[in-house]
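K.L.:
First the structure, then my questions, so here it is.
The values are calculated or read from the model by the stated rules, or taken from the named source; none is laboratory data. Computed from a predicted model, the values in this text were never measured in an experiment. Please note: Cβ atoms are built from the backbone with ideal geometry, for glycine as well, and neighbour counts cover all protein chains shown. Ligands, DNA and RNA are stripped out before the accessible areas are found, and what is left, the full protein with its side chains, is counted by its heavy atoms. Shrake-Rupley method; radii C 1.70, N 1.55, O 1.52, S 1.80 Å.
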Amino acid sequence: MNGHENKAVRSANRKFFARTIPMLILMLIINQIDRTNVGFIKHSLETDVGISTAAFGFGAGLFFVGYALFEIPSNMLMDKYGARVWLTRIMITWGAVVFAMGFVTTPMQFYVLRFLLGVAEAGFFPGILFYFRKWVPNIYRGRATALILTGSAAAYLLSGPVTGGLLELHDFMGLPGWQWVLFIEGALSVLVGIVAAFFLVSKPEEAKWLTDEEKLALSTALNTESSSRDLHTQGQSRWKLITDGKMAYLCFLFFVMCMTGYTLVFWQPEIIGRIPGLSPFQIGMLNSVPWICAIIAINILGRVSDRFRGSRETILALALIVAAVGTCLCTVGSPWFGLFALCVVCIGTKSSAVLFWPIPQSQLPSSIVAPGIALINSLGNLGGFFAPAVFGYLQQTTGSTTAGLYILSGISVFAAITLFLTKTHRTPTQPEYHAPQGMEPKHHV
């Protein structure tokens, strides 16, 4: 590819980053708030609906069962219908389920709606990653993933003050605060989903805001990467590729990451709530502090991930160890020290995701990239069901979170050791698009 074409690729990606990624970030922020707001209404559900700690952990985890079952079909439909149709459909339907959850009166209704929320949301995050395969060359993909995960971390930063503030609407118009949380956040999801349909463009050829030269250059760069990657898997069936040992290992790694990440997401407000004298809004504000630390870390590592693409696995192992150390630190010291420990955990878990996702994005053949990313995400997210359910049971039976946190730490360390011992290498002969020196994009989102 000559310098003129490289300039066109850079220009096309700059426009995509400036126009589309802010909308994706907004969608992901709302997605994460809707997914995790149950952590803030846990006590209200216990008193108003009669949901015990163990039942809450089970219900919170049921989301991931529905998510896992429908993840691959959803991503296959994303491949068929494109981002504009499918990502907005996902957002509108999950918003409707969140709104409906405001009417629950029994634990069984809570279980059913958490499961349906997983079904409705299935395919959203892997759909975004697959969307990048349609738009972003590998050399820029670490930064694109980092920006999206910044949205995820920003959601946790915002969810505390937003959800905590909505809880203080308690008794406004005769409704409890937890219902206001679900009604307002659910309605917002539906509204933003409708607006997003006017912003998303499924592939470069359909973008009216790209020049013909930019469309051709970007499509050529992406097709070159795709054909070179697929050259090494010609003649192999999709089933053989999807059941490859590398796929199983990637699923295992993401499973471990989700175990730690989602357990602390659901229980983080309670851990911070041990600090005496805090109102719900103050707990929400302090809940934002760990995610501010995570946002800084993941944007630094997004660039590191792109620059040292051959060492992503080693840096990922170090991030998992950081998460394990932070999880152990949550078991000692004062409640204020616990807040510091949560900062360490958030840095480790969110950095792990930034380092992990470019690996399957850049290595999976085109024939399985949509179901492959979905499979990794769906099986991995079962860790979000398994860990909170076990964690809730251990807390209820032992009266402490210590045992569960030690177990999570040990599993993260084990995963890090396997990364050091068994690396997932890129095929040496696989070429990729390279920006000429001095021409890498400077994205401002």
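K.L.:
Is there a residue in segment 199-213 that is β-branched (Val, Ile, Thr), in a helix (DSSP H, G or I) and in contact with a Ser or Thr (Cβ under 9 Å, 6 or more places away or on another chain)?
P.N.:
At the first step, the residues of segment 199-213 found to be β-branched (Val, Ile, Thr) are 201, 211.
Those left that are additionally in a helix (DSSP H, G or I): none.
Checking segment 199-213: not a single residue is β-branched (Val, Ile, Thr), in a helix (DSSP H, G or I) and in contact with a Ser or Thr (Cβ under 9 Å, 6 or more places away or on another chain).
K.L.:
Here is a follow-up. Among the numbered criteria (1) closer than 30 Å to SER11 by Cβ; (2) outside any helix (DSSP H, G or I); (3) modelled with pLDDT under 85, which one does ILE51 miss?
P.N.:
ILE51 satisfies all of (1) closer than 30 Å to SER11 by Cβ; (2) outside any helix (DSSP H, G or I); (3) modelled with pLDDT under 85 except (1).
K.L.:
Pick from ILE92, ILE33, ILE29: which is among the aliphatic types (A, V, I, L, M), on the phi < 0 side of the Ramachandran plot, in a helix (DSSP H, G or I) and surrounded by fewer than 22 Cβ atoms within 10 Å (Cβ to Cβ)? Step through it out loud before you land on a result.
P.N.:
Working: ILE33 fails: surrounded by fewer than 22 Cβ atoms within 10 Å (Cβ to Cβ); ILE29 fails: surrounded by fewer than 22 Cβ atoms within 10 Å (Cβ to Cβ).
Checking each option against the conditions leaves just ILE92.
K.L.:
Also: Give the number of residues within segment 42-76 that are within 20 Å of VAL190 (Cβ to Cβ) and open to solvent by 20 Å² or more (accessible area, probe 1.4 Å). Quick ask: steps written out before the conclusion?
P.N.:
In the first step, residues of segment 42-76 are kept if they are within 20 Å of VAL190 (Cβ to Cβ); the result is 63, 66-67, 70, 74.
Restricting the remaining residues to those that are open to solvent by 20 Å² or more (accessible area, probe 1.4 Å) gives 70.
Number satisfying all stated conditions: 1.
K.L.:
Okay, next question. Could you give me the residue pairs with C-beta distances under 6 Å whose first residue belongs to segment 39-61 and is over 16 Å from GLN179 (Cα atoms) and among the aliphatic types (A, V, I, L, M), whose second residue is open to solvent by 20 Å² or more (accessible area, probe 1.4 Å) and assigned to a helix (DSSP H, G or I) wherever it lies, and which are 6+ apart or on separate chains?
P.N.:
Matching pairs, first to second residue: ALA54/TYR393; ALA54/GLN396; ALA55/PRO107.
K.L.:
While we're on this one: Inspect segment 351-367 for any residue being touching a Ser or Thr at 6+ places or on another chain (Cβ under 6 Å), part of a helix (DSSP H, G or I) and over 25 Å from GLU71 (Cβ atoms) and give the result as yes or no.
P.N.:
The answer is no; no qualifying residue exists.
K.L.:
Evaluate segment 328-342: report whether one residue or more is within 21 Å of PHE414 (Cβ to Cβ), under 17 Å from the mean Cα position of the chain (by Cα) and either buried (at least 24 other Cβ atoms within 10 Å of the Cβ) or touching a residue at least 24 places away in the same chain (Cβ under 8 Å) (or both). First the steps, then the outcome.
P.N.:
So in segment 328-342, the residues within 21 Å of PHE414 (Cβ to Cβ) come out as 328-331, 341.
Okay, now just the ones that are also under 17 Å from the mean Cα position of the chain (by Cα), so none.
Checked against the condition, which is being within 21 Å of PHE414 (Cβ to Cβ), under 17 Å from the mean Cα position of the chain (by Cα) and either buried (at least 24 other Cβ atoms within 10 Å of the Cβ) or touching a residue at least 24 places away in the same chain (Cβ under 8 Å) (or both), segment 328-342 yields no hits at all.
K.L.:
Can you name every one of the helices (runs of 4 or more DSSP H) wholly within segment 101-183 that holds 2 or more residues which are charged (D, E, K, R) and under 30 Å from ARG312 (Cα atoms)?
P.N.:
On the way: elements: 107-121, 124-133, 138-167.
In segment 101-183, the matching helices (runs of 4 or more DSSP H) lie at 138-167.
K.L.:
Looking for whichever is buried (at least 21 other Cβ atoms within 10 Å of the Cβ) and either within 30 Å of ILE51 (Cα to Cα) or modelled with pLDDT of 85 or more (or both) here; the options are THR105, THR163, THR150. Which one fits?
P.N.:
Values: THR105 fails: buried (at least 21 other Cβ atoms within 10 Å of the Cβ); THR150 fails: either within 30 Å of ILE51 (Cα to Cα) or modelled with pLDDT of 85 or more (or both).
Step by step, each of THR105, THR163, THR150 is checked, and only THR163 is buried (at least 21 other Cβ atoms within 10 Å of the Cβ) and either within 30 Å of ILE51 (Cα to Cα) or modelled with pLDDT of 85 or more (or both).
K.L.:
Is it the case, given these coordinates, that LEU188 is at pLDDT 70 or above and either open to solvent by less than 20 Å² (accessible area, probe 1.4 Å) or within 30 Å of ILE321 (Cβ to Cβ) (or both)? Give the derivation first.
P.N.:
Values: at pLDDT 70 or above: yes; either open to solvent by less than 20 Å² (accessible area, probe 1.4 Å) or within 30 Å of ILE321 (Cβ to Cβ) (or both): no.
Here the answer is no, as LEU188 does not meet what is asked.
K.L.:
Can you tell me which residues in segment 275-295 are open to solvent by 40 Å² or more (accessible area, probe 1.4 Å) and modelled with pLDDT under 75?
P.N.:
Those that are open to solvent by 40 Å² or more (accessible area, probe 1.4 Å) and modelled with pLDDT under 75: PRO280, PHE281.
K.L.:
Within segment 121-143, track down each residue that is open to solvent by less than 10 Å² (accessible area, probe 1.4 Å) and under 27 Å from ASN287 (Cβ atoms).
P.N.:
GLU121, ALA122, PHE124, PRO126, ILE128, LEU129
K.L.:
When only residues in segment 236-259 that are modelled with pLDDT under 70 and in a helix (DSSP H, G or I) count, which is nearest to GLY383 (Cα to Cα)?
P.N.:
Taking segment 236-259 first, the residues modelled with pLDDT under 70 are 236-244.
From the residues that got through so far, the ones that are in a helix (DSSP H, G or I) too are 238-242.
Working: ARG238: 26, TRP239: 24, LYS240: 25, LEU241: 23, ILE242: 20 Å.
Checking each candidate, the answer is ILE242.
K.L.:
Could you figure out which of (1) over 30 Å from ARG14 (Cα atoms); (2) open to solvent by 30 Å² or more (accessible area, probe 1.4 Å) isn't true of GLY118?
P.N.:
Of the numbered conditions (1) over 30 Å from ARG14 (Cα atoms); (2) open to solvent by 30 Å² or more (accessible area, probe 1.4 Å), the odd one out for GLY118 is (2).
K.L.:
Another question about this same structure. Quick check: anything in segment 149-167 under 20 Å from VAL85 (Cα atoms) and aliphatic (A, V, I, L, M)? Reasoning before the result, please.
P.N.:
The first filter runs over segment 149-167 and keeps only residues under 20 Å from VAL85 (Cα atoms), leaving none.
No, every residue in segment 149-167 fails to be under 20 Å from VAL85 (Cα atoms) and aliphatic (A, V, I, L, M).
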